[in-house]
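K.L.:
Shown below is the structure under consideration.
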Amino acid sequence: MQTVVVDHPIVRTRLSVMRDETSSNAEFRAALRELSTLLVYEATRELPVTELPVTTPVGPTLGTTLANPPLLVPVLRAGLGMAEAAFNLLPESQMGFVGLARNEESHLPEAYMSSLPDTLAGRPVLVLDPMLATGGSLVHCCGLLASRGAADITVICALVAPEGLATVERSGLASRLFTASIDEGLNANAYIVPGLGDAGDRQFGPR
Ligand code: URA
């Protein structure tokens, strides 16, 4: 798996707003949206394109269109905050949804919904999930996608823990992962340290 830490001053400023415990829900959502734009921009750098003729007011030239726009898959609920940014950059894409919740005692993922095309063979997929902690949820999600034929999965996370990164790597299901930071590790409750807390609660308020 190719792992890319997108190191850019603007990325670091948005991540700092998200980490700051005094940021409001609205400030957190705005920072995640902007960070997602930057991460998706980097993650789509190598997407195949097709040339197409375009006529400007001055004359003909060659333009570019995406040859095979990726399916966007935000992992509910925290990935919802990345969906709009990705869709804005890739308006020709389609969006699927996977709903996974972490059991707070076992820390194991539980799928409560999936809404995906029947077949994903030949389609690149962008999975949007802000936090890669133990990796259990993400591997579960990638497994659902792979069972429908997806073989080109790019994962986009705001933050990752080394433990989760190793789990996703071992699964062999993702081709590449883009993130703003590889943090120190996990605490006893499987939260990323220093992390930013619960990315769902920080966006939408506590359950
Ligand atoms: N999910 C979160 O939202 N935060 C963490 O630190 C770990 C998992």
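Just so you know, all these numbers are worked out from the coordinates, no wet-lab data involved. As the structure is a prediction and not an experimental result, all values here were calculated from the model. Here Cβ is always computed from backbone atoms with ideal geometry, including for glycine, and neighbour counts include all displayed protein chains.
K.L.:
Tell me the net charge near Thr64. Cut-off is 15 Å between Cβ atoms, Thr64 excluded, with +1 for each Lys or Arg and -1 for each Asp or Glu.
P.N.:
Numbers: positive: Arg45; negative: Glu46, Glu51, Glu92.
Combined, the nearby Lys, Arg, Asp and Glu give -2.
K.L.:
If contacts are Cα pairs under 8 angstrom and at least 6 residues apart, what is the relative contact order of the chain in percent?
P.N.:
Details: 416 pairs, mean separation 47.5, N = 207.
Relative contact order comes out at 23 percent.
K.L.:
Quick one: which residues, 5+ away or cross-chain, put their amide H under 5 Å from the amide H of Ser114? H built at 1.01 Å from N.
P.N.:
Sorted by chain and number, the residues that satisfy this are Gly99.
K.L.:
Let me ask you something else. Residues in segment 26-62 near a label at Val4, defined as backbone nitrogen under 11 Å from the 7 Å Cα→Cβ point?
P.N.:
In segment 26-62, the label zone of Val4 (backbone N under 11 Å from the point 7 Å along Cα→Cβ) covers 39-47.
K.L.:
Between segment 73-105 and segment 1-50, how far is it from one alpha carbon centroid to the other, in angstrom?
P.N.:
When both Cα centres are located, 14 Å separates them.
K.L.:
Let me ask another. Dividing the convex hull volume of the Cα atoms of segment 101-206 by its residue count, what figure in Å³ per residue is obtained?
P.N.:
105
K.L.:
Right, something else. Taking the Cβ of Gly96 as the center, what net charge do the other residues with Cβ under 14 Å away carry, scoring Lys and Arg +1 and Asp and Glu -1? Numbers along the way, then the final one.
P.N.:
Values: positive: Arg123, Arg148; negative: Asp118, Asp129.
Result for the neighbourhood of Gly96: 0.
K.L.:
Turning to a different aspect of this structure: Applying a 10 Å radius around every beta-carbon, put 16-27, 116-127, 76-87 in order of their mean neighbour count, most first. Show your work: numbers first, answer last.
P.N.:
Values: 16-27: 13.7, 116-127: 17.1, 76-87: 21.3.
So the peptides 16-27, 116-127, 76-87, ranked by packing, come out 76-87, 116-127, 16-27.
K.L.:
Within 9 Å, Cβ to Cβ, of Ala180, how many net charges do the neighbouring residues add up to if Lys/Arg are +1 and Asp/Glu are -1? It would help to have the intermediate numbers written out before the result.
P.N.:
Working: positive: Arg12, Arg14; negative: Asp7.
So the surrounding residues net to +1.
K.L.:
Another question, if that's okay. In deg cm²/dmol, rounded to 500, what helix-only [θ] at 222 nm does the chain give when every DSSP H run of at least 4 residues adds -39500 (n - 2.57) and the total is split over its residues? Don't skip to the answer; put the middle values down first.
P.N.:
Details: 6 runs with 68 residues, N = 207.
Helix-only estimate at 222 nm: -10000 deg cm²/dmol.
K.L.:
Further, regarding this structure: Expressed as a fraction of 2.2 N^0.38 Å, the rule-of-thumb size for a compact globular protein of N residues, what is the C-alpha radius of gyration of the chain? Kindly include the intermediate steps, with their values, before the conclusion.
P.N.:
Numbers: Rg = 17.4 Å, N = 207, 2.2 N^0.38 = 16.7 Å.
For the chain, the normalised Cα radius of gyration is 1.04.
K.L.:
Which order do the peptides 50-58, 2-10 come out in when sorted by mean C-beta neighbours inside 10 angstrom, highest first? Don't skip to the end; give the middle numbers.
P.N.:
Numbers: 50-58: 8.4, 2-10: 12.2.
So the peptides 50-58, 2-10, ranked by packing, come out 2-10, 50-58.
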